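One structure is given below, encoded as structure tokens.
Read-outs: derived from the displayed coordinates by stated rules, not from any lab. Nothing here was measured: the structure is a model prediction, and the numbers come from that model. Neighbour counts are summed over all protein chains in view; Cβ atoms, including those assigned to glycine, are modelled from backbone coordinates with ideal geometry.
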Amino acid sequence: MRRQIIDPRNALMQHVPMSVEQVISELRQSGRCIDKPLFSAGDLQTAEQGLGIELPLSYKILLTTLEPEMTNFYFQPPARHDSFQNLIVFATWDEDQFAFDTERKMRVITLLGTSMRGREWEDFDGWLAHTWSMSNRPASTE
């Protein structure tokens, strides 16, 4: 039996938070992206099956649409954290990691260094809006 691959970009747009679409638009306008998917829908579906979770729709839409380019920031294939099995690491920024907490409705957790928890966001959309606004502001010359 052939498995069907569902493309998250075809999801009903009324369920997609506007912030994701705005970030995609701003990334394209700024030239700070590679305008091809970082992951295919099949890649993310395989990851979901292997991890036994469902990744947030906005995460899937962003990364099956383009590859963001932000200084020292990298999206990576989702994987369980070595020490905290409830955390699914999806990105790094310098030494910090960002992860979905599977025990807390996929809240986004910042891991500072190897284990200390930092800031948390209720969802991927809030995290994405914050991260993009932080990486998109001009560098201070002071």
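Taking a label point 7 Å from the Cα of Asp96 along the Cα→Cβ vector, which residues of region 58-73 have an amide N closer than 13 Å to it?
72-73
Residue-wise, which Karplus ³J(HN,Hα) couplings in Hz belong to region 44-54, taking 6.51 cos²θ - 1.76 cosθ + 1.60, θ = phi - 60°, and x for glycine or proline?
Taking θ as phi minus 60°, the curve returns 6, 5, 5, 4, 4, 5, x, 8, x, 9, 10 Hz for region 44-54.
Using only the Cα atoms, what convex hull volume per residue in Å³ does region 14-69 have?
Details: hull volume 4.2 nm³, N = 56.
Per-residue hull volume (Cα only) is 74 Å³.
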